[in-house]
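Engineer: Dumping the structure here so I can ask a few things about it.
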Amino acid sequence: MEMRQVTDAGGAALHYKYFDGIYFPPNVIGDVKSHLDAIKKLKHKDGDVLLDTFPKTGTHWGFEIIHMLVTGKAEYYTHKTLALEFEPAESHDALEAPRVLTSHLFPQHIPQSLIENKSKIVYVYRNPKDTAVSMFSFLKILNSEFLDGYESSWENFFMSYMKEKVPYNSWFEHLKAWLDFKKSHPELPILFIAFEDMKKDLRSSVQKIAKFLGVKRDSQFLEEVANKCQFNAMSREKKCKDEMKMGIGGKNPFYRKGEVGVWKDRFTVAQNEMYDTVIKKNVTGIDLDIKYTL
């Protein structure tokens with residue numbers, strides 16, 4: 001592992017722990033390798049579900065839905081969501097079953113027990129343009145306790161995003177890695193679900209996830225989950241102190257707008273043309289319907 005500083009054209013810097021060809025955020029525990037080794041050895045518990053995402057594509061949203069479905073309680077999770085890479089392995093071991101494990105990890109770093117026990121895996125994906133806007137806004141609002149100061153413009157961040165110098169490298173690399181993983185492990189139950197589909201019809205998406213997880217919940221319960229997990233409801237109700245202190249001014253940085261098509265308000269015509277070129281270059285191997293508007 002080596003510490004790397006990526007400086008954009010305006011002089012703003014993002015700091016990373018670089019390991020195994022991946023730009024990990026600096027709050028990944030220790031030297032990264034030792035922690036990932038411990039996560040790799042995480043013991044299995046009955047009912048384990050892994051939710052994996054590229055950053056800013058619906059992690060906390062997906063977690064609340066899955067947690068309600070597996071526990072059978074339409075109640076918000078009141079504690080800090082524990083991501084595999086950001087919390088000690090002991091913290092995950094201490095969680096009661098059924099566990100919903102969250103992560104931005106590439107598939108080569110997930111717990112081996114999930115593979116051996118054919119645990120359910122849900123991967124939420126979001127179009128890369130909205131992801132870029134959400135990531136920029138997230139980095140700008142993060143408390144300096146968790147980010148070593150980030151004062152950048154959208155124009156300069158956009159170029160870093162284009163060059164794949166952001167947390168976990170790039171949207172394309174991350175998604176392709178998981179699609180390739182599914183192809184090489186056809187025996188594993190992996191569900192890919194789009195942020196945009198969840199936004200368009202959350203009730204149907206909740207039912208789809210429930211069916212995949214194999215949990216039997218009646219229509220009334222699914223309706224309650226969908227209502228409680230509407231993005232505006234979660235943004236209003238989620239008040240976890242550990243998460244809120246991560247945002248400047250006490251704002252929860254994990255729930256902002258949650259809209260589809262916000263890229264239109266940020267991308268200039270030139271930037272959109274540049275990024276469309278990147279998409280055409282990297283879209284091979286991504287056999288999913290990526291929606292940029294509803």
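The values are calculated or read from the model by the stated rules, or taken from the named source; none is laboratory data. As the structure is a prediction and not an experimental result, all values here were calculated from the model. For neighbour counting, all protein chains shown are included, and Cβ atoms are generated from backbone atoms with ideal geometry for every residue, glycine included. SASA here: full protein model, heavy atoms, side chains in, ligands and nucleic acids out. Shrake-Rupley method; radii C 1.70, N 1.55, O 1.52, S 1.80 Å.
One line per residue, one yes/no per condition, for (1) touching a Ser or Thr at 6+ places or on another chain (Cβ under 9 Å); (2) acidic (Asp, Glu); (3) more than 21 Å from Val206 (Cβ to Cβ):
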{"site": "Gly30", "(1), (2), (3)": "no, no, yes"}
{"site": "Glu64", "(1), (2), (3)": "yes, yes, no"}
{"site": "Ala83", "(1), (2), (3)": "yes, no, yes"}
{"site": "Gln108", "(1), (2), (3)": "no, no, yes"}
{"site": "Ser113", "(1), (2), (3)": "yes, no, yes"}
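Engineer: Filter the stretch 51-63 down to the residues that are closer than 22 Å to Ala74 by Cβ and of a type outside the set (S, T, N, Q), then identify the one that is surrounded by the most Cβ atoms within 10 Å (Cβ to Cβ). Break it down into steps so the answer makes sense when it comes.
Structural biologist: Within the stretch 51-63, the subset closer than 22 Å to Ala74 by Cβ is 51, 58-63.
Restricting the remaining residues to those that are of a type outside the set (S, T, N, Q) gives 51, 58, 60-63.
Numbers: Leu51: 26, Gly58: 24, His60: 20, Trp61: 24, Gly62: 24, Phe63: 24.
Restricting to residues being closer than 22 Å to Ala74 by Cβ and of a type outside the set (S, T, N, Q), the top hit is Leu51.
Engineer: Also, quick follow-up: Considering the stretch 263-294 alone, what residues qualify as being open to solvent by 50 Å² or more (accessible area, probe 1.4 Å), aliphatic (A, V, I, L, M) and under 23 Å from Ile193 (Cα atoms)?
Structural biologist: Val283, Leu294
Engineer: Working carefully through the options Leu105, Leu82, find the one that is open to solvent by less than 40 Å² (accessible area, probe 1.4 Å), farther than 26 Å from Glu223 by Cβ, modelled with pLDDT of 95 or more and out of contact with any Phe, Trp or Tyr (no Cβ under 6 Å at 6 or more places or on another chain).
Structural biologist: On the way: Leu82 fails: modelled with pLDDT of 95 or more.
Exactly one of Leu105, Leu82 is open to solvent by less than 40 Å² (accessible area, probe 1.4 Å), farther than 26 Å from Glu223 by Cβ, modelled with pLDDT of 95 or more and out of contact with any Phe, Trp or Tyr (no Cβ under 6 Å at 6 or more places or on another chain), namely Leu105.
Engineer: Counting only residues that are within 18 Å of the chain's Cα centre (by Cα) and assigned to a loop (DSSP other than H, G, I, E, B), which one in the stretch 226-239 is modelled with the lowest pLDDT?
Structural biologist: Initially, the stretch 226-239 is screened for residues within 18 Å of the chain's Cα centre (by Cα), giving 229-231, 234-235, 238.
Then drop every residue that is not assigned to a loop (DSSP other than H, G, I, E, B), which leaves 229-230, 238.
Numbers: Cys229: 93, Gln230: 89, Lys238: 58.
My answer is Lys238.
Engineer: Cβ contacts < 7 Å: first residue of a type outside the set (Phe, Trp, Tyr), restricted to the stretch 211-226; second residue open to solvent by 30 Å² or more (accessible area, probe 1.4 Å) and assigned to a helix (DSSP H, G or I), any location; separation 6+ or different chain. Result?
Structural biologist: Between residues of the stretch 211-226 that are of a type outside the set (Phe, Trp, Tyr) and residues that are open to solvent by 30 Å² or more (accessible area, probe 1.4 Å) and assigned to a helix (DSSP H, G or I), the close pairs are Leu222/Arg203; Leu222/Gln207; Glu223/Arg203; Ala226/Arg203.
Engineer: Another question, if that's okay. Specify the residue that is least open to solvent (accessible area, probe 1.4 Å); the eligible residues are those in the stretch 1-38 that are among the charged types (D, E, K, R) and touching a helix residue (DSSP H, G or I) at 6+ places or on another chain (Cβ under 8 Å).
Structural biologist: Going residue by residue through the stretch 1-38, those that are among the charged types (D, E, K, R) are 2, 4, 8, 17, 20, 31, 33, 37.
From what is left, the residues that are touching a helix residue (DSSP H, G or I) at 6+ places or on another chain (Cβ under 8 Å) are 8, 20.
On the way: Asp8: 19, Asp20: 89 Å².
Going through the qualifying residues, I end up with Asp8.
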